Amino acid sequence: MTSGAAAGRYARALFDVVSKEASGDLDAVESQVQGFADLFAAAPALAGVMSNPAVPVTKKIAVTKALLERAGSVAAPVAKLLLLLAERDRLMLLSDIARVYRDRLMDHRQVIRGDVTTATPLAPEKVSALAQSLERATGRKVVLETRVDPSIIGGVVTRLGSTVYDGSVTTQLEKMKQTLIQAGQ
């Protein structure tokens, strides 16, 4: 099993456990998992020790328990997940688990992330209007992240999941070029 598939299984199991709990706070769990993933990313020495196969699993479990104690109030499913990952020597999957969990949470809430690329910065009201029209088209809440790329010359390129709506001037010019080349043959 690839590490991505394993991370997906851990994240789905965590989500299922938390969503079935009466007191399950999906947002708090996301924040805690992301916090631990950020800790490993920000502390290369810690990440190096936890990913080193020469370090015994018992030491990794001890370090994980110490981290949990220092973190204070951690949701029981998160603590169990971290200890399970330490036991199985898979703590380095944590950032992927956090990403998959966040995606699952957004899917649960009917939210889809999108990217909007324009040649010049968009005014906030234009981004909001674009998000609203995409919400009407998809039936889901849309959260857009904007990017500026002068190479598209003008227009808008919108990516929602795996769907790309390319209305850039560069693409339109390329289509015109292909049409002229084909007409000339």
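For this structure, a couple of remarks:
- Each Lys or Arg adds one and each Asp or Glu takes one away; over the other residues whose Cβ falls under 13 Å from the Cβ of residue 153, this sums to -3.
- Extension gain from residue 43 to residue 133, taking 0.36 nm per residue of separation minus the Cα-Cα distance: 28.2 nm
- In terms of surrounding Cβ atoms within a 10 Å radius of their Cβ, 158, 179, 138 rank from fewest to most as 179, 138, 158.
- Environment charge of residue 17, counting only residues whose C-beta is closer than 14 Å and scoring Lys/Arg +1, Asp/Glu -1: +1
- Other residues with beta-carbon under 10 Å from the beta-carbon of residue 97 carry, at +1 per Lys or Arg and -1 per Asp or Glu, a net charge of +4.
- Under 19 Å between alpha carbons - lysine pairs in the chain that sit 8 or more apart or on different chains: 5
- Theoretical FRET efficiency, 1/(1+(r/R0)^6), r = Cβ-Cβ of residue 109 and residue 70, R0 30 Å, to 0.05: 0.45
- For the chain, the gyration tensor built on C-alpha atoms gives a prolate shape. Its axis ratio a/c (a ≥ b ≥ c) is at least 1.5, and a/b is the larger of a/b and b/c.
- Per residue, the average separation of C-alpha pairs within less than 8 Å and at least 6 apart gives the chain a relative contact order of 20 percent.
- Overall form of region 3-107 per C-alpha gyration tensor (a/c, 1.5; a/b vs b/c): prolate
- The orientation-averaged projection of the convex hull spanning the C-alpha atoms of region 111-184 amounts to 5.5 square nanometres.
- Amide H within-cut-off set for residue 155, under 5 Å, with H built and near neighbours excluded: 119, 169
Computed from the coordinates by the stated procedures, all read-outs in this text should not be read as laboratory data. Predicted model, so just to flag it, every value in this text is computed and none were measured. Quick reminder, even Gly has a Cβ in these numbers, built from the backbone with ideal geometry, and neighbours come from all protein chains shown.
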